[in-house]
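The values are calculated or read from the model by the stated rules, or taken from the named source; none is laboratory data. Since we're looking at a predicted model, the values are computed, not measured. Cβ coordinates were reconstructed from backbone atoms using ideal geometry, including for glycine residues, and neighbour counts include every protein chain displayed. The protein model used for the area step is the full one, side chains on, heavy atoms only, and it has no ligands, DNA or RNA in it. Shrake-Rupley method; radii C 1.70, N 1.55, O 1.52, S 1.80 Å.
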Amino acid sequence: MRKKKIKAMTNNKIVINLALFGRTQSGKSSVGNILLGSTDFHSCFAPCSVTQECKLGRSCHLHGFMRRAGQEIILQVQVLDTPGYPHSKLSMQHVKQQAKKALEHHFGEDGLHLALLVQRADVPFCGQEASHPIQLIQELLGDAWKNHTAVLFTHAEKLEEAGFKENEYLCEASDTLLSLLTSIQHRYIFQYKKGNSINEQRMKILEKIVEFIKDNHYQVLTFK
């Protein structure tokens, strides 16, 4: 059973809990590593699905990232990586059950702040295959999924190479993507690798994620 609650800050420290979803080779594990500032998740190019099971990663403490009432807040990030959906080797039912158990195990009590739907910016978001990860998120998160989901576009440097600005790209996006973005109150992030160090990418993405979580009043979804 999924319930909403406010995740309080304790001892000037906040832990944000994230889960990654998306199609095979969308860049989920790579995004997870950037968020954690580590190489916890195996990530490589392959003609098939690389991630075979759900895995939780925890970042080191980030000092000086944010302040509240004049005091420094320590930030820690927990990221749940999930197999691609659909998967090249695992059935959709198997991936779904595995993700459900992982959410209950890792975020059952503490709750999930945000599900990130990872989507390549250079791959059209249309057709039945594009809708599968959305359906998975809806089934796992329940009715409140719209308030706890954001889209993260990887390979955003391809937009610049093609001469697109972000707003121009979105204006020409599929109706499926535009409908999704409207549903989730236009929570989206573009990840640019070109010209940005790993740490720069990490800080920019985390700033947006924390902004989304603040706007949602630090609410989390629990799974018990």
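The loop-placed trypsin sites (Lys or Arg not before Pro) in the range 59-152, going by DSSP, that have at most 15 neighbouring Cβ atoms within 10 Å of their Cβ come out as Lys89.
Classify the range 54-112 as rounded, prolate or oblate from the Cα gyration tensor: take a ≥ b ≥ c as the square roots of its eigenvalues, call it rounded if a/c is under 1.5, otherwise prolate when a/b beats b/c and oblate if not.
Numbers: a/c = 4.13, a/b = 2.70, b/c = 1.53.
The shape class here is prolate.
For the listed peptides 208-219, 149-160, a ranking on the average number of other beta carbons within 10 Å per residue, highest first, reads 149-160, 208-219.
Where both partners of a DSSP beta bridge lie in the range 96-224, what percent of those bridges are antiparallel, to the nearest 5? Display every interim value, and only then the final one.
On the way: 1 of 10 bridges.
That works out to approximately 10 percent antiparallel.
Working ranking of peptides 32-41, 126-135, 181-190 by packing, defined as the average number of other Cβ atoms within 10 Å per residue, highest first, is 32-41, 181-190, 126-135.
Per residue, the accessible area of the chain comes to 49 Å² when a 1.4 Å probe rolls over the protein heavy atoms. Tyr192 contributes an accessible area of around 50 Å² to the protein surface, as traced by a 1.4 Å probe with all chains present.
Dipole size of the range 150-224 about its Cα centre, with +1 on Lys/Arg Cβ and -1 on Asp/Glu Cβ: approximately 400 debye, rounded to the nearest 20.
Hey, what's the Cα Rg ratio for the range 74-224 versus the globular rule of thumb, 2.2 N^0.38 Å?
Working: Rg = 15.8 Å, N = 151, 2.2 N^0.38 = 14.8 Å.
My calculation over the Cα atoms of the range 74-224 gives 1.06.
Less than 15 Å from a label point 7 Å out along the Cα-to-Cβ axis of Asn196: which backbone N atoms in the range 132-152 qualify, by residue? Label zone hits: 151-152.
Pulled fully out, how much extra length does the chain show between His94 and Lys146, if you take 0.36 nm times their separation in residues and subtract their Cα-Cα distance?
Numbers: separation 52, 0.36 × 52 = 18.72 nm, distance 2.40 nm.
Full-extension gain reported as 16.3 nm.
Summary of packing: across the peptides 57-65, 11-19, the per-residue average of other C-beta atoms within 10 Å ranks them, highest first, as 11-19, 57-65. Segment Ser183..Glu139, full-extension length gain: 14.3 nm, with 0.36 nm per residue of separation and the alpha-carbon distance subtracted. Of the accessible area of the chain, computed with a 1.4 Å probe over protein heavy atoms only, carbon and sulfur atoms account for 49 percent.
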